[in-house]
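Notes for the one structure printed next.
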Amino acid sequence: MSDGWPPEAVDYVQAIADTKLMLSHWYAEQAFIGPNIQDNIALFSLTQDEYGQVRQFFLQLEGQGLDGDRLRSDREREEFHNAATTDEPAPDWTRFEVRFGLTDRAAHLMFDAIVHDDFAGLTEKMSEEEYSHFDFHDGWLEHLADAEPEAFRAALAESLPDVLTFIGPAAYDDDTDPLVTAGFTDRSAAELRGAFLDHLEGIVEGTAVTVPDPDPVALEEWDERRRRVAGGGIGADVLDSIRGTGNEEFAVR
Amino acid sequence: MTYEVLARVSAGDDLKHIGSVEAPSDKLARNYADTTYDEEDWSVMVLVKREDLVRVTGDVTEAIGAGELV
């Protein structure tokens with residue numbers, strides 16, 4: 001399709017962009033949480049990929065009439081539509097990988113499903129960048145599930161519901177997902193959830209970890225714009241960091 | 001596990017040993033090598049597990065100690 005986007009598509013792309021903005025933030029902010037210097041280097045590389053992709057998504061959203069300055073910095077906390085898993089920093093390495101690694105994978109599945117002409121070539125380029133993310137996150141997730149199954153299981157129980165809520169409700173199938181029926185994506189939320197859970201099963205295969213039964217996410221409780229069921233959001237200190245509030249005097253005007 | 005990193009810049013160049021990475025799996029080793037040794041636009045980069053090196057001459061342990069495999 002080559003016409004304008006339906007309102008749900010604008011929300012969908014903003015949720016992906018805001019989630020990637022927060023992944024970029026935490027990859028940089030917590031780069032030294034990694035166990036090895038190679039992890040620190042890798043996380044700085046990942047943060048650049050994510051921020052580059054955020055810029056591209058914001059440009060697309062500007063093309064749909066959204067204000068670029070507002071998207072980049074002039075927003076309040078509740079106006080960020082990031083996945084709930086990316087509201088706060090991770091307290092340790094296992095939760096960092098489970099929380100952010102799985103959110104990174106979910107965001108990829110979601111943007112890879114976009115088939116609108118405005119994204120022709122763009123999402124393919126982004127997917128190429130994501131291969132390095134997959135090696136990094138999948139490599140660590142497989143290792144942590146095997147080496148620290150208890151901690152991994154606890155981290156999964158904590159984060160999986162929010163990741164699945166970000167992907168969307170199980171009730172959205174090919175006939176009912178408004179993005180699919182509008183021709184904006186070619187895979188429904190139900191199909192993406194299935195693909196995500198299949199991937200997760202592969203990660204923990206052969207370890208003592210099992211994937212918990214997924215929460216289908218009740219459609220009536222789901223906030224379509226923010227892709228979560230509860231409130232909450234990023235903290236005031238995170239917003240200051242994103243805006244560069246503390247360094248405003250050095251900004252070139 | 002230790003992985004030796006070998007790379008060439010252009011087709012036809014010698015494949016050279018450029019360093020090593022420590023990683024628990026091939027996937028992580030690939031990522032570490034890619035992000036750590038990104039000073040060139042390598043046309044080829046491959047990894048070999050140090051334990052898989054087949055000795056022909058010399059002492060690999062000594063070579064490691066002498067910094068020849070680092």
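Work from the charge dipole of the protein assembly as shown (Cβ charges, +1 for Lys and Arg, -1 for Asp and Glu, about the Cα centre) and give the residue of A:101, A:200, B:44 farthest towards its positive end.
Of the options given, the answer is B:44.
Hey, for a label at residue A:147 modelled as a point 7 Å past Cα toward Cβ, could you say which residues of the stretch A:23-52 have their backbone N under 19 Å away?
Residues passing the 19 Å test: A:31-44.
Calculate, for residue A:171 and residue B:54, the FRET efficiency according to 1/(1 + (r/R0)^6) with r their C-beta to C-beta distance and R0 56 Å; round to the nearest 0.05.
Efficiency, rounded to the nearest 0.05: 0.45.
Where the only charges are on Cβ atoms (+1 Lys, Arg; -1 Asp, Glu), what is the dipole of the stretch A:7-250 about its Cα centre, to the nearest 20 debye?
Here the size comes out at about 360 debye.
Quick one: if the Förster radius is 45 Å, what FRET efficiency do residue A:37 and residue A:249 give, using the C-beta to C-beta distance and rounding to 0.05?
That gives a FRET efficiency of 0.85.
Counting only complete DSSP H runs, which helices of chain A cover 18 Å or more along their long axis at the Cα atoms and score a mean Kyte-Doolittle of -1.0 or above?
Qualifying helices, which must be both long enough and hydrophobic enough, are A:7-29, A:37-63, A:122-147, A:149-167, A:189-204.
Let me confirm one metric for peptide B:30-39, namely the mean number of other chain beta-carbon atoms within 10 Å of its residues' beta-carbons.
Average neighbour count from other chains, rounded to a whole number: 6.
Percent relative contact order of the stretch A:13-155, based on C-alpha pairs within less than 8 angstrom and at least six residues apart?
Working: 127 pairs, mean separation 40.4, N = 143.
Dividing the mean separation by the residue count of the stretch A:13-155 yields 28 percent.
Given points 7 Å out from each Cα along the Cα-Cβ axis, report the residue A:218 to residue A:62 separation in nanometres with one decimal.
Placing both labels 7 Å beyond Cα along the Cβ direction yields 4.2 nm.
Compactness ratio of the stretch B:2-65: Cα Rg over 2.2 N^0.38 Å, N = residue count? Numbers along the way, then the final one.
Working: Rg = 12.4 Å, N = 64, 2.2 N^0.38 = 10.7 Å.
Its radius of gyration relative to the 2.2 N^0.38 Å reference: 1.16.
Please enumerate, by chain and number, the lysines with C-alpha under 26 Å from the C-alpha of residue A:20, excluding those fewer than 8 residues away in the same chain.
Once the sequence-local lysines are set aside, what remains near residue A:20 is A:125, B:27.
Going by C-beta contacts inside 10 Å, put A:242, A:37, A:203 in order with the fewest on the left.
Ordered from fewest to most neighbouring Cβ atoms within 10 Å, A:242, A:37, A:203 come out as A:37, A:242, A:203.
Which residues does a label at residue B:10 reach in the stretch B:19-57, if reach means a backbone N under 16 Å from a point 7 Å past the Cα toward the Cβ?
Within reach of a label on residue B:10: B:40-44.
Got a sec? How would A:252, A:238 order by Cβ neighbour count within 10 Å, fewest to most?
Taking fewest neighbouring Cβ atoms as first place, the list is A:252, A:238.
Under the definition of partner shielding as Cβ atoms of other protein chains within 10 Å of a residue Cβ, what is the mean value for peptide A:134-143?
5
Please compute the Kirkwood hydrodynamic radius over the protein assembly as shown, one decimal place, Å, based on all pairs of different Cα atoms.
21.3
What number, rounded to the nearest 500 deg cm²/dmol, is the helix-based mean residue ellipticity at 222 nm of chain B, given -39500 (n - 2.57) per DSSP H run of at least four residues and division by all its residues? Show your work: numbers first, answer last.
Numbers: 2 runs with 17 residues, N = 70.
That comes out to -6500 deg cm²/dmol.
Normalising by the residue count of the stretch A:7-250, find the relative contact order in percent from Cα pairs under 8 Å and 6+ residues apart.
26
Hey, fewest Cβ within 10 Å first, where do B:59, A:104 land in order?
Final ranking by Cβ density, sparse to dense: B:59, A:104.
Roughly speaking, what is the stretch gain from residue A:241 to residue A:128, that is 0.36 nm per residue apart minus the C-alpha to C-alpha distance, in nm to one decimal?
Contour length minus Cα-Cα distance gives 37.8 nm.
Using only Cα atoms, find the angle between the long axis of helix B:26-36 and the longest principal axis of chain B, and express it within 0 to 90 degrees, rounded to the nearest 10.
Result, in degrees: 70.
Each reported figure results from applying straightforward, stated rules to the coordinates on display, with no laboratory input. Quick caveat: nothing in here was measured; it's all calculated off a predicted structure. All Cβ positions, even for glycine, are placed from backbone atoms using ideal geometry, and neighbour counts span all protein chains on display.
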